[in-house]
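A.B. asks: My questions will all concern the structure given below.
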Amino acid sequence: MPGKFFVDSEKPNALVTGASRGIGKAIAHVLAAEGYDLILTCKSSIGELEKFAEELSEKYGISVCAERVDMSSSSDVRELFEGITDLDLLVNNAGISHIGLLQDMTDDEWDEVMGTNLSSAFYTCRAAIPLMLKNKSGRILNISSVWGNVGASLETAYSASKGGINAFTKALAKELAPSGIAVNALACGVVDTDMNNAFSDEDMQALKNEIPMGRITTPEEVASQALLIIKSPVYMTGQIITIDGGWT
């Protein structure tokens, strides 16, 4: 990893985790268009992420660093933050799903879901908070799911991890509000991402039939909503904003 990020930059800056595809990639794009310098992370698709970072940098005239980081690893996150001297915005988007009966789930599968979806937010927030405290300002946005609000059959671990993110968001918001740092979460419904590849065409159509809007949402729509939250007054904190087409 490079030595330092955002050195002497006058632009706003952000760290977006899980940014090689889907929601994270779309959020990175809207932030780049807003003039943010960016650090983007992924666990495995570093080639794709480096190409995307180069495209954003050339198009918007910003600094974009692509880093391979296992966000479920405390040591990986600590190493990443050793090079970050300033941070205005943290977007915790890294996440994985697991579909199946809880009774069939292994310890390793449970730990992977919790590590990637929940522990990662702890690791990044713990490291980011001191950087924001020194300026008495900052934004943290956690990408959650409607299953964190209501739970889903066959997705117990995923639901638990996102429910944890929601509670984490509300508690941390109270902790950081006196310092002018807003912490919110965006709970998504079904989004057109690779995470849904496990569903058959019939399953996806059944989901669409349940959603009042009659369709699933796009990463770009989620990113637009994320930007509205980021640009909202700092007084809006501790909120779990849902974007699901009226589904839940």
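The values are calculated or read from the model by the stated rules, or taken from the named source; none is laboratory data. Values in this document were obtained by computation on a predicted structure and should not be read as measured data. Positions of Cβ are backbone-derived with ideal geometry, glycine not excepted, and every protein chain shown enters the neighbour counts. Keep in mind that these areas ignore ligands, DNA and RNA; they rest on the heavy atoms of the full protein, side chains included. Shrake-Rupley method; radii C 1.70, N 1.55, O 1.52, S 1.80 Å.
A.B. asks: Which members of the stretch 108-135 meet the condition of being hydrophobic (A, V, I, L, M, F, W, C), under 16 Å from the mean Cα position of the chain (by Cα) and farther than 18 Å from ALA171 by Cβ?
C.D. replies: VAL113, the sole residue that qualifies.
A.B. asks: Is it true that ILE143 is of a type outside the set (Ser, Thr, Tyr), open to solvent by less than 20 Å² (accessible area, probe 1.4 Å) and not in a loop (DSSP other than H, G, I, E, B)?
C.D. replies: Yes: the conditions hold for ILE143.
A.B. asks: Answer yes or no as to whether SER9 is of a type in the set (Ser, Thr, Tyr), at pLDDT below 95 and either assigned to a strand (DSSP E or B) or surrounded by fewer than 17 Cβ atoms within 10 Å (Cβ to Cβ) (or both).
C.D. replies: yes
A.B. asks: Quick one: would you say GLU155 is over 15 Å from the mean Cα position of the chain (by Cα), at pLDDT 95 or above, closer than 18 Å to THR248 by Cβ and open to solvent by 70 Å² or more (accessible area, probe 1.4 Å)?
C.D. replies: So GLU155 fails the test.
A.B. asks: I'd like the full set of residues that are closer than 20 Å to ASN13 by Cα, outside any loop (DSSP other than H, G, I, E, B), open to solvent by 40 Å² or more (accessible area, probe 1.4 Å) and not small (Gly, Ala, Ser), limited to the stretch 221-248.
C.D. replies: Result: GLN225, LEU228.
A.B. asks: What are the residues in the stretch 118-173 that are in contact with a strand residue (DSSP E or B) (Cβ under 9 Å, 6 or more places away or on another chain), basic (Lys, Arg) and under 13 Å from ASN92 (Cα atoms), if any?
C.D. replies: Across the stretch 118-173, the qualifying residues are ARG139, LYS162.
A.B. asks: Give the residues of the stretch 146-157 that are closer than 25 Å to LEU227 by Cβ and assigned to a helix (DSSP H, G or I), sorted by residue number.
C.D. replies: TRP147, GLY148, ASN149
A.B. asks: I need every pair where a residue in the stretch 49-61 that is more than 17 Å from THR17 (Cα to Cα) has its Cβ under 9 Å from the Cβ of a residue that is in a helix (DSSP H, G or I) and of a type in the set (Ser, Thr, Tyr), sequence separation at least 6 or different chains.
C.D. replies: Within 9 Å, no pair qualifies.
A.B. asks: Whether any residue in the stretch 164-179 is buried (at least 19 other Cβ atoms within 10 Å of the Cβ) and under 16 Å from HIS98 (Cβ atoms) is what I want to check.
C.D. replies: Checking the stretch 164-179: at least one residue is buried (at least 19 other Cβ atoms within 10 Å of the Cβ) and under 16 Å from HIS98 (Cβ atoms).
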